[in-house]
1. Output ³J(HN,Hα) for segment 3-16: one whole-Hz value per residue in order, computed from phi by the Karplus curve 6.51 cos²θ - 1.76 cosθ + 1.60 with θ = phi - 60°, and x for Gly and Pro.
2. Please sort 29-38, 15-24 by packing, taking for each peptide the average over its residues of neighbouring beta carbons within 10 angstrom, highest first.
3. Just the Kirkwood number for segment 1-40, please: inverse of mean 1/r across all distinct Cα pairs, in Å, one decimal.
Amino acid sequence: MDFDALYHFFFQTYAGLGALVGIFLVATLLVSVVLERRTRKRFKNHEKTEDDWSFFDDDDDEEASK
């Protein structure tokens, strides 16, 4: 298989474009998992403080309970 055939498949067919999207999604997922594991290993002793925030944290619940 030569380069022209690969180029034609990946960039000029729907199946090739779908394969490229799938490859990039899998690669992105793998990189994010590796980086997340490295971050958790580095900061395993981190204790939560008042200044910490979470993406899924609801501030409305805290205000309602006060």
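No lab work stands behind these numbers, since they all come straight from the coordinates. In this text, all values refer to a predicted model and were calculated from it rather than measured experimentally. So basically every Cβ, Gly included, is an ideal-geometry build from the backbone, and we count neighbours across all protein chains shown.
1. Each residue's phi maps through the Karplus curve to give 5, 4, 5, 5, 4, 4, 5, 6, 10, 10, 10, 5, 5, x Hz.
2. Working: 29-38: 10.0, 15-24: 11.5.
In descending order of packing, they fall as 15-24, 29-38.
3. On the way: mean 1/r = 0.0864 Å⁻¹.
For segment 1-40, inverting the mean 1/r across all distinct Cα pairs yields 11.6 Å.
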